[in-house]
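*Asks:* Right, I'll just put the structure down here and ask away after.
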Amino acid sequence: MRKLALLGVAAALYAGAAWSVAPGFYDGFGPPAPYNFTCPPPQAGANQKPSSGHADIPVTGGVSEAFSAFTDDGQIVIGFLPGAFLAGGKTTITVDITPLDTCPQPSGIRFVTNAYKITASAALNADKRANLTLRYSNLEPDPASVYQATDPNGTWTEMSSQPGAPFTIVTTTTTFGYFAAGYASSSPPPGAVTIGGGQLLPIIVAVLVVVVVLAGLPLAVMRRRRS
Amino acid sequence: MIAAVQARPALRAALVASLVLVLEWSRALVAAQPGFTVVALLLGGIALAAVAIGLPADRLGLGRSRLGLRLIGGCALGAVLLLPAAVRSVTAPLLPAGLAMAAIAVSIGEELAFRGALYAALEDAGGAPLAVLGTTLLWTLAHALSHPPEFLPAVAAAGLLLALWRWACRDLVAPIVGHAIADLAL
């Protein structure tokens, strides 16, 4: 009984520790998610400098076309709907994405991606939000949110964000500035909690629990009868 | 020389601990190099498993008695290890075949080395408490080069859980099965 209790305590300890950092138990076997770091963590190995990006968005009849701007390494993508810009007589709108040479460390926030500066030659239409996707590495904990700032050394504001494709986080914006993904270092659970989100892992765990219950009970009964 | 080492359990435990740490750190450093990941994981897993060569199966916690219960225990451990990520609905893409093989090799190798050979050596040197705490500490240190510091408390807690199972059930089959399931799924 004492052994069982110790195992229970250890399982609870593990659950608490794993909950404090997404994804939890991780032995490093996920398909490598290569990432070009501005400030590579020690375990990153060989690292290349992150790329910048540029887009020229045509304006037809005073309405900017649907377009995406992205860096050459695909680590950040910003997508615009038709008429997303206040074109104001322009025939082309330019968008530039530049990774910062430094890694901002605002108080209470831990960034897991590079910080990027996005500028454009026209302002965004507040009714047509731009879709922003940031990719991150599996060498870092999963980010909880995208953050935005007008000055990288100033205040970073948390944006409403959600997980996208594996190793990406998505948000929308109506203004340009500086963007990076991370999590509040004072709050332990980074990662959105979405129970029953239709992913593979909950199914695996459910199958394991069913196997344990269905196969374990008859085995336990048989052992009890034998003894 | 070999007889002298075998006669001193503490010295044997220190040697096994050093060997396992060097193997794990070497594996982590080589695996970080582009193009060497799968090879480093596979060879690292085999090298770690080789640490247990020569030890009788019962000293390692292996055996076919109560095999059904051991396998179910492995499923239960796998479920516990994956539960936080499953609740969080982490997106976990399926592993390619090469990485899946490597994950299984490393899971088996790590369990044979840490909860098998190292556990047995530490148990001989200082009893079960030293074996449980010592394997947990070295398991955590071994992952220091391959994991960001934020992950290490979870690594330590997983090591403690697996070591306690090894002690409580005198079994290594369940930790191997649970570890492999968790590595394959995440």
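The values are calculated or read from the model by the stated rules, or taken from the named source; none is laboratory data. Just so it is clear, the structure is predicted and the values come from calculations on it, not from any experiment. Virtual Cβ from ideal backbone geometry, glycine too; neighbours counted across all protein chains shown.
*Asks:* Tell me, which residue of segment B:43-91 that is within 7 Å of chain A (Cβ to nearest Cβ) and of a type in the set (Gly, Ala, Ser) is surrounded by the fewest Cβ atoms within 10 Å (Cβ to Cβ)?
*Replies:* The initial filter retains those residues of segment B:43-91 that are within 7 Å of chain A (Cβ to nearest Cβ), namely B:68-69, B:72, B:75-76, B:78-91.
Remaining after also requiring of a type in the set (Gly, Ala, Ser): B:68, B:76, B:78-79, B:85-86, B:89.
Working: B:GLY68: 13, B:ALA76: 22, B:GLY78: 29, B:ALA79: 23, B:ALA85: 28, B:ALA86: 27, B:SER89: 21.
For segment B:43-91, the residue satisfying everything is B:GLY68.
*Asks:* Then there's this: Applying the selection to segment A:167-183, what residues are within 15 Å of A:THR38 (Cα to Cα) and either without any contact (Cβ under 8 Å) to a residue 24 or more places away in the chain or not in a strand (DSSP E or B) (or both)?
*Replies:* Passing the criteria: none in range.
*Asks:* Sort out which residues of segment B:129-156 are more than 12 Å from the chain's Cα centre (by Cα) and facing chain A (nearest Cβ under 8 Å), and write them in order of number.
*Replies:* Selection gives B:LEU145, B:SER146, B:HIS147, B:PRO148, B:GLU150, B:PHE151, B:PRO153, B:ALA154.
*Asks:* Examine segment B:49-59 for a residue that is at pLDDT below 90 and touching a Leu at 6+ places or on another chain (Cβ under 7 Å), and state whether such a residue exists.
*Replies:* So far as segment B:49-59 goes, no, none of its residues is at pLDDT below 90 and touching a Leu at 6+ places or on another chain (Cβ under 7 Å).
So that you can scan it fast, the table gives a plain yes or no per residue for (1) within 14 Å of chain B (Cβ to nearest Cβ); (2) more than 23 Å from A:THR92 (Cα to Cα):
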residue	(1), (2)
A:LYS128	no, no
A:TYR136	yes, yes
A:VAL146	no, yes
A:GLY154	no, yes
A:THR168	yes, yes
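*Asks:* Here's something else I'd like to know. When you check B:ALA103 against the structure, is it modelled with pLDDT under 90, under 13 Å from the mean Cα position of the chain (by Cα) and within 10 Å of another protein chain (Cβ to nearest Cβ), yes or no?
*Replies:* Values: modelled with pLDDT under 90: yes; under 13 Å from the mean Cα position of the chain (by Cα): yes; within 10 Å of another protein chain (Cβ to nearest Cβ): yes.
Judged against the criteria, B:ALA103 is a match.
*Asks:* What pairs come out if I take residues in segment B:45-62 that are touching a residue at least 40 places away in the same chain (Cβ under 8 Å) and pair them with residues that are polar (S, T, N, Q) whose C-beta lies under 8 Å away, six or more apart or interchain?
*Replies:* So the pair list comes out as B:GLY45/B:SER107.
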